[in-house]
Structures are given as C-alpha cells and as structure tokens.
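The values are calculated or read from the model by the stated rules, or taken from the named source; none is laboratory data. In this text, all values refer to a predicted model and were calculated from it rather than measured experimentally. Please note: Cβ atoms are built from the backbone with ideal geometry, for glycine as well, and neighbour counts cover all protein chains shown.
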Amino acid sequence: MKKRFPVSMLLIMLLVFSLSPLSAQAYGTEQGARSCLQPKQVQLQQNLRKLWIDHAIWTRSYIVSALAGLMDQQDVLARLIQNQQDIGNAIKPYYGEEAGNKLAELLKEHILIAGKVVDAAKSGNQADLKKHNEEWYRNADDIAKFLSSANPNWSEKELQELLYTHLQLLTDQVTARISKDWKADIIAFDKGEDHIIMLADALAEGIVKQFPEKFK
C-alpha cells in the first residue's frame, strides 16, 4: 500500500516555495518584482499613488457636487486645488522649487478648465464645451511637454496618451451622471482610478531611473 504524503506538509512546502524570492522572480510575479525594489523606491511609488488617487477621488467629488449644485462645491474645489499643489510639492526634492510650482500651476489649470467643461456640459452649451475641451487637451499637452523636458525617461508622447485617457475617463463620468446612467458612471470612475495608478507608477519609475543614487 502506497504511503500518502501528508497534506499539511504539502501545504507548507507550497507556501515556502510561493514566498521564495527566487521562485517569484522565476515566474515573473509581482512578488518577484517587488523583491527587487528598494524601500525608498516603494515609498516614492506609494506616495505618488496616494496623491494621484486623491486627484481622482476629489475630481469625482467635484463633478458630483457641481452637477448636483451641492453646497459643498467650493470647499471640495479648494481641497482639489490643494491636491495639485501637493503633487507639485512631491517632485520638488528631485526637480526643485520652481519646477514643483510649475507642475502645480499646470495641474491647477487642468482643474479649473475641468470646472468649465462640467459647467458647459451641464448647461448643454455645445460651443463652450468644444472650446473648453480644446483648452483641456492643450493643457494636457503642456503638462506632457513640461514633464518630458525635465526627465528623459518620460516620453512626451506616452505622457500625452496617459493624460488624454485621463481626460476621456473624466468626460465619461460627467456624461454618465448627466444622463443618470449610474452604472456607467461607476464603471468610468473605476477605470479612471486604475488608470491614474498607472500614471503615478510611470512617474515614479521615471524618477527612480533618473536619480538612482537617491534610492540606494
């Protein structure tokens, strides 16, 4: 009669194997990728993710407040504007005070134009909507150009594409809420949150590549 291998022992071996950095790297898992990151790299990535997720959350809060005419609209806008300064401040250790404030300025413009887009969409003013949409995408071009000029690891075209997708997903949220398609609104926000994390990670990766000595 064949001896059965104890199930508990098998589970322990599988657990040990799954936690082994070597095995994780061999199978290309996220655990393997993380085992190669330095603590300072992880901290930068998490900090930028938090800031950009806040960007997505407070932008959504503003869209909801503005379209519904809620009394908290100006307070939410103030918090959203602060987030843009926070993002600018986050790059100052690498690019300096002036560059950080310039990014914050461009992002604040992004938000102020977004407010005009929301107002035009709410009122149904198609001429204003077209005009402000063009301004919005021009601002995205400016952000991509500014960032790519600061870091050769940030492709202007790739940043432009990331920012355009961000604008489209925000537009999808506004359109869905105006038409009271709540499910589509939720889907657009979820996609937008996932996408903004991709943007944050691209920025973090570029900073680490440009300043490797800061992350040892």
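General observations
- The residues of region 128-142 that are crowded, with 18+ Cβ neighbours inside 10 Å and either closer than 21 Å to Ala200 by Cβ or of a type in the set (Gly, Ala, Ser) (or both), listed by number, are Trp136, Asn139, Ala140.
- All positions within region 119-147 that are farther than 19 Å from Gln84 by Cβ and not charged (D, E, K, R): Ala120, Ala121, Ser123, Gly124, Asn125, Gln126, Ala127, Leu129, Asn133
- Failed item in (1) farther than 25 Å from Gly206 by Cα; (2) part of a loop (DSSP other than H, G, I, E, B); (3) of a type outside the set (Gly, Ala, Ser), with Asn153 passing the rest: (1)
- For Lys191, the test of being over 17 Å from Leu107 (Cα atoms), outside any helix (DSSP H, G or I) and either of a type outside the set (Gly, Ala, Ser) or modelled with pLDDT under 95 (or both) is failed.
- Hey, Lys116 more than 28 Å from His132 (Cβ to Cβ), of a type in the set (Lys, Arg) and surrounded by fewer than 20 Cβ atoms within 10 Å (Cβ to Cβ) or not: no
- Residue count, region 82-97 (criterion: more than 11 Å from Leu51 (Cα to Cα) and of a type in the set (Val, Ile, Thr)): 1
- Some residue of region 156-175 being in a helix (DSSP H, G or I), in contact (Cβ under 8 Å) with a residue 24 or more places away in the chain and closer than 21 Å to Gly96 by Cβ: yes
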